[in-house]
Structures are given as C-alpha cells and as structure tokens.
Amino acid sequence: MEHFREILRPEIQKYIQDNLHENLGRLLLKKSPFPEVSIQEIAQQIKGKQIAAKKFPFLLKENIVFPPHLNLEQASSENTAKEKAENLSGKTFLDLTCGFGIDAYFLSQNFSEVTLLEQNKDLLEIVQHNWKTLGREANFINENLEQFLEISEKEKQFDLIYLDPARRDKDHRKKFLLSDLSPNILEIQDKLLSISKKIIIKLSPLIDLKYLQTAVKSIDEIEIIAVKNEVKEIVLHLVPNTENKLKITTKNLSTDEPNFSFSPEEESAVTPEFSDILEYLYIPNNAVLKSGAFNLISKKFGLKKLHPNTHLYTSDKAVDFCGRVFKVKEISAKEIKKGDVFNIISKNHPLSPEQIKTKYKLKNGGEHYLIFTQSKKGKVILQTL
C-alpha cells in the first residue's frame, strides 16, 4: 500500500471516521480532499471498518489499517478464530499462510514464540503494523512457503503449525481438491508432520469428509464449524503418528445448541428406529448434517427417524438438541387455507418451499412453520404449535 503511513495521519483518520456511514459508491465519485491519498484508499479503509464491525470487532481501534476487500473476505471471523483457539497452548507457533492474520492473532495467544509467514509483502506490512498497534509481537517473514519449509525441516521444530490454503486460482475460481489448493496439502503433509507436534488446517465447508479421511495422513479430529446454522469451516487437526480414533466434532456458534462429537465407527454401528410423527420434531443443524451422523444422532438423543432418507427425527418429549426443536401436529392439505401465513420447510419432498407456497397460495412469514416431508407411511404435512 503506497500511502500506508499517510493514511494514518490524524486528519485523514478523522475523515474516514466521519464518513463511515457514507454511501461508498457516491464517495468514490468525489475527489480526495488529501492530495497524498486517493479516494480509493480512503474508501478501502471505510469498507474495512464496516466489515470489521460485523466480522472482527476487536480491530475497531485507532490506527488499525485494512487491506483490500478480497483479503478481508478470505479472513476468518473473530468468532470462528476464537473457537479454533480453544485449549491451544505451547511455546512455538507457526502460521504458514498468515493472510490478514485474524486466525493467527487468536490461535497464537498462548504461545511465546510466534512466526507468521506471508508471501504478499504489502499485506504482511499491514499485519505487522496492526499487531504492533495491538501490543502483540511476532516474527514476520515475507518468504516463499516451500523454501521456508526446506530450511525449517532441518533447523526448527514447532508445537503448532496452522494453514489456511488459498482456495481460488489466479482467475479467482474456487478450488476444492486438496491438490489444487495453494499450498498443495498433499505435497507438504509429510514435511509438516516431521516438524510439528500438531497441525491445524482450515478448509472449505464444501469439501467432502470421506475424501479427507482417505487423502490426509494422521487426522486426529475433524471440526465442522457453523455460525447461526451456516457451515463456515472444516478444520483438520493432525497429530503425527496418532493412534487415536478419528473424532468428528460439530459446532454451531452464536446459538445455545450443544456440540456433538462422534467417531465414524460409531455412526456405522447404529441402526436407527423409525416412527410416525410424535409430539416433537427435531431438525439437526447444518454442521451435524455435514458430518453425516444421520443414524447416531437418533441414538444419542433418544429419538426416532421419520424415514431412511429424511433426516428429521421425532420423540414424545423435548430434549436439548443440536438443532431446532418444534412441537408439532400432523395436518391434511385440506386444512391449509388460502392466504395463510407460514414459514415453509421442505425435506425429502418433491416440491420446493416456493412451489408449495404457490400451490397452496400461502404468504411467507409469521411465527409458525409448515413442514412438508415424508415418513415411512408416505408424504406428511406438519404444523408447528
């Protein structure tokens, strides 16, 4: 960033603060009131503060500098970074893909020697400035990852290595296979396991878990982290030569829902019981659905499944659950009146919510739901009470 220091001048910072709620499209049409700083650079700082207010509020402090929008978009949220940092401590911490440094800031809090590697020199300078502003120390290295690993393999051991591989190619198209990521996890996993006691890798929420289990060595745990029911991250914990059974843990942050942990062997060993609809309906959160624990979830919580291909569950009592719980009754299509106001859920049903709304001339909204699904006896319509 050419005017890195200029942007920190008090009068420019005041202008940024005064225009935090200005329409950026209109602002960009204006001329910068400061000859040494462009209006685009000012807009970048305003946009950064706007994103930080929602995504990483700990950065809403004086003299914090924000990088271009793409770097902010790719950074973890404060919420998920804190979650990944739970129970981590040691002496030496290495982040091989620092980026904007949000994950590193939290994951390294209980480590005494922190090393951050980033190939983008301008971005690393911003991170270095921000960490100094926040009173945090680290060794900041602007170097090629592969070269750094060659040296580290001979000279240094780490207690924890963290990676968040780039999931887009040079044309910004998304990539999902481990071999297509940068760095290529499959190429460097042996090196990582030889120089660290633990490796944590953040991956796309869309990546296939069974593929991970066959492609990556020494996985101790897979975390599926959702925020308000949107799966944000798949996080691998690698431990060299681990003999532990693989653990899969689901978390739905910003809710009161409990975490759910299991091993793939546990899921394979369970045959679920089925039932027609009882008094309560259970809809697992999306982290649980991503985990594939479709049968085990019924055993762990004392529930029965509605149908082999319907991941909805039922019981005659309410229990604390990793998902939504509704008190319901079964209704017939004749009981649905034109103009009724409902939220629509469709699970294992031929019609989408939009098609259901059109067919029955329903209005969307209100406090109650209509749930269109299947039990073993066929299609059913449920109304929440």
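Numbers at a glance
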{"item": "Condition broken by Ile225, with the remaining ones in (1) exposed (fewer than 15 other Cβ atoms within 10 Å of the Cβ); (2) closer than 21 Å to Ile161 by Cα; (3) under 10 Å from the mean Cα position of the chain (by Cα) satisfied", "result": "(1)"}
{"item": "Failed item in (1) more than 9 Å from the chain's Cα centre (by Cα); (2) in a strand (DSSP E or B), with Lys232 passing the rest", "result": "(1)"}
{"item": "Number of positions in the range 291-345 that are crowded, with 21+ Cβ neighbours inside 10 Å, under 26 Å from Leu209 (Cα atoms) and in contact with a helix residue (DSSP H, G or I) (Cβ under 9 Å, 6 or more places away or on another chain)", "result": "11"}
{"item": "Residue within the range 362-373 that is at pLDDT 95 or above, in contact with a helix residue (DSSP H, G or I) (Cβ under 8 Å, 6 or more places away or on another chain) and surrounded by fewer than 19 Cβ atoms within 10 Å (Cβ to Cβ) present", "result": "no"}
{"item": "Every residue from the range 75-100 that is in contact with a strand residue (DSSP E or B) (Cβ under 8 Å, 6 or more places away or on another chain) and either of a type in the set (Phe, Trp, Tyr) or over 10 Å from Asn110 (Cα atoms) (or both)", "result": "Ser76, Ser77, Asn79, Thr80, Glu83, Lys84, Phe93, Leu94, Asp95, Leu96, Thr97, Cys98"}
{"item": "Identity of the residue in the range 176-198, of a type outside the set (S, T, N, Q) and in contact (Cβ under 8 Å) with a residue 40 or more places away in the chain, that ends up nearest to Ala293 (Cα to Cα)", "result": "Lys198"}
{"item": "Failed criterion for Leu59 (all others in (1) at pLDDT 95 or above; (2) assigned by TED's automatic domain parsing to the domain that holds Ala226 hold)", "result": "(2)"}
{"item": "Restricting the range 127-144 to residues that are surrounded by fewer than 16 Cβ atoms within 10 Å (Cβ to Cβ) and touching a residue at least 40 places away in the same chain (Cβ under 8 Å), the residue that is nearest to Asn63 (Cα to Cα)", "result": "Thr133"}
{"item": "Counted residues, the range 10-22 - those being touching a residue at least 12 places away in the same chain (Cβ under 8 Å) and of a type outside the set (S, T, N, Q)", "result": "6"}
{"item": "Failed criterion for Asn348 (all others in (1) within 25 Å of Ala293 (Cα to Cα); (2) surrounded by 14 or more Cβ atoms within 10 Å (Cβ to Cβ); (3) at pLDDT 95 or above hold)", "result": "(3)"}
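Every residue, every condition in (1) free of Cβ contacts under 8 Å to residues at least 40 places away in the same chain; (2) among the hydroxyl-bearing types (Ser, Thr, Tyr), yes or no:
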site: Leu24; (1), (2): yes, no
site: Ser38; (1), (2): yes, yes
site: Glu41; (1), (2): no, no
site: Ile46; (1), (2): yes, no
site: Pro57; (1), (2): yes, no
site: Leu60; (1), (2): yes, no
site: Ser77; (1), (2): no, yes
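Table: residues versus (1) in the same structural domain as Leu116 (by TED's automatic domain parsing); (2) within 24 Å of Glu125 (Cα to Cα); (3) modelled with pLDDT under 85.
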site: Ile141; (1), (2), (3): yes, yes, no
site: Leu145; (1), (2), (3): yes, yes, no
site: Lys156; (1), (2), (3): yes, no, yes
site: Asp159; (1), (2), (3): yes, no, no
site: Tyr162; (1), (2), (3): yes, yes, no
site: Lys170; (1), (2), (3): yes, yes, yes
site: Lys174; (1), (2), (3): yes, no, yes
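The values are calculated or read from the model by the stated rules, or taken from the named source; none is laboratory data. Since this is a predicted model, take the numbers as computed values, not measurements. So basically every Cβ, Gly included, is an ideal-geometry build from the backbone, and we count neighbours across all protein chains shown.
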